[in-house]
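Visitor: Here it is: the structure, laid out below.
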Amino acid sequence: VPKDVLQLQFVMPDINVQVGKDASDTRKKQSNEVSRYCTEQLNKFLRNYKLALESSTKKGGVRTIVIDTATELKDLRAASEFGMLTGIMPEAWGGVNQDMRNWMRMGEQYKANVVWVHHVKDEWLQYTKPDGNKDSAATGKKILDGYKKADQCVQVVLEAGVRGDKFTIKVVGSGLNPSTNGKLYTEADWGDEDGPFAYISQQQLPWTKIEDWI
């Protein structure tokens with residue numbers, strides 16, 4: 001049975017505002033405008049997200065919701081509060097992190113599959129040089145760019161990648177079928193018709209059929 005796909009966009013503005021103690025009235029005004037705009041976009045997203053979740057409990061309702069990307073959603077939430085994305089003290093992120101956690105866990109109350117796509121970034125760690133000075137360097141690892149505890153709010157964590165010209169998906173961690181942890185899937189596994197989401201979802205719940213996820 002063909003499935004309908006509905007795409008709803010929220011748009012991030014070009015945010016380059018930094019507001020400090022000596023900020024001019026112009027920059028403060030710009031920050032306020034960014035905050036208002038982002039709040040409108042965030043409310044639009046939340047309204048549609050909640051409607052989609054609620055519809056999943058009804059016949060013919062939404063089955064799968066994809067937030068693309070959760071990294072940008074966190075930026076949107078932060079910009080709605082601060083009007084900027086730089087110069088924010090670490091202790092000020094509590095509200096943003098709490099909201100991201102609540103939104104990610106909200107899906108557990110409904111019957112929709114919720115996919116939270118994240119960008120990744122290089123992991124950097126600080127170290128002490130032989131002369132006693134501090135420095136930092138990339139570890140070679142990739143980490144989530146966004147809500148740092150996102151992996152604790154979902155049942156399965158997947159990592160998309162490319163080997164040669166082949167698209168790959170690795171199961172980083174699964175609370176549904178731990179035996180799949182570390183497995184790497186390619187197009188040779190999911191084929192042209194089923195797609196990676198349906199194939200890997202069926203692998204997580206082996207008693208289901210591919211057709212249940214398409």
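The values are calculated or read from the model by the stated rules, or taken from the named source; none is laboratory data. Just so we're clear, the structure is a prediction, and the values are computed from it rather than from any experiment. Please note: Cβ atoms are built from the backbone with ideal geometry, for glycine as well, and neighbour counts cover all protein chains shown. SASA here: full protein model, heavy atoms, side chains in, ligands and nucleic acids out. Shrake-Rupley method; radii C 1.70, N 1.55, O 1.52, S 1.80 Å.
Visitor: For region 58-81, which residues satisfy the criterion of being open to solvent by 30 Å² or more (accessible area, probe 1.4 Å), touching a residue at least 12 places away in the same chain (Cβ under 8 Å) and not in a helix (DSSP H, G or I)?
Guide: If the condition is that a residue be open to solvent by 30 Å² or more (accessible area, probe 1.4 Å), touching a residue at least 12 places away in the same chain (Cβ under 8 Å) and not in a helix (DSSP H, G or I), then Val62, Arg63, Thr64, Val66, Asp68 are the ones that fit.
Visitor: Go through (1) closer than 28 Å to Leu53 by Cβ; (2) open to solvent by 50 Å² or more (accessible area, probe 1.4 Å); (3) in a loop (DSSP other than H, G, I, E, B); (4) without any contact (Cβ under 8 Å) to a residue 40 or more places away in the chain for Pro130 and report which single condition fails.
Guide: (1)
Visitor: Take the conditions open to solvent by 50 Å² or more (accessible area, probe 1.4 Å) and not in a strand (DSSP E or B) and apply them to Gly140. Does it pass?
Guide: No: the conditions fail for Gly140.
Visitor: Of all residues in region 113-126, count the ones that are surrounded by 11 or more Cβ atoms within 10 Å (Cβ to Cβ) and either more than 30 Å from Phe197 (Cα to Cα) or of a type in the set (Asp, Glu) (or both).
Guide: Total meeting the criteria: 3.
Visitor: Which numbered condition trips up Tyr110, out of (1) more than 30 Å from Gln30 (Cβ to Cβ); (2) in contact with a strand residue (DSSP E or B) (Cβ under 7 Å, 6 or more places away or on another chain); (3) surrounded by 11 or more Cβ atoms within 10 Å (Cβ to Cβ)?
Guide: Every condition holds for Tyr110 apart from (2).
Visitor: Condition test on Gln41, is it open to solvent by 50 Å² or more (accessible area, probe 1.4 Å) and at pLDDT 90 or above?
Guide: no
Visitor: Please determine, by comparing only the residues of region 82-93 that are in a loop (DSSP other than H, G, I, E, B) and touching a helix residue (DSSP H, G or I) at 6+ places or on another chain (Cβ under 8 Å), which one is most open to solvent (accessible area, probe 1.4 Å).
Guide: Restricting to residues being in a loop (DSSP other than H, G, I, E, B) and touching a helix residue (DSSP H, G or I) at 6+ places or on another chain (Cβ under 8 Å), the top hit is Leu85.
Visitor: Let me ask something else. Go through region 175-214 and give me each residue that's within 15 Å of Arg63 (Cβ to Cβ), of a type outside the set (Phe, Trp, Tyr) and outside any loop (DSSP other than H, G, I, E, B).
Guide: Residues satisfying the conditions are Gly195, Ala198, Ser201, Gln202, Ile210, Glu211, Asp212.
Visitor: Now for a separate question. Which one is surrounded by the fewest Cβ atoms within 10 Å (Cβ to Cβ) among residues in region 24-38 that are part of a helix (DSSP H, G or I) and among the hydroxyl-bearing types (Ser, Thr, Tyr)?
Guide: Restricting to residues being part of a helix (DSSP H, G or I) and among the hydroxyl-bearing types (Ser, Thr, Tyr), the top hit is Thr26.
Visitor: Residue check: is Asp99 closer than 15 Å to Thr69 by Cβ and under 16 Å from the mean Cα position of the chain (by Cα)?
Guide: no
Visitor: Then there is this: Could you figure out which of (1) open to solvent by 50 Å² or more (accessible area, probe 1.4 Å); (2) modelled with pLDDT of 95 or more; (3) among the β-branched types (Val, Ile, Thr) isn't true of Val96?
Guide: Among (1) open to solvent by 50 Å² or more (accessible area, probe 1.4 Å); (2) modelled with pLDDT of 95 or more; (3) among the β-branched types (Val, Ile, Thr), the lone unmet condition for Val96 is (1).
Visitor: Would you be able to tell me the number of residues in region 158-174 that are open to solvent by 40 Å² or more (accessible area, probe 1.4 Å) and either part of a strand (DSSP E or B) or in contact with a Pro (Cβ under 9 Å, 6 or more places away or on another chain) (or both)?
Guide: Number of matching residues: 9.
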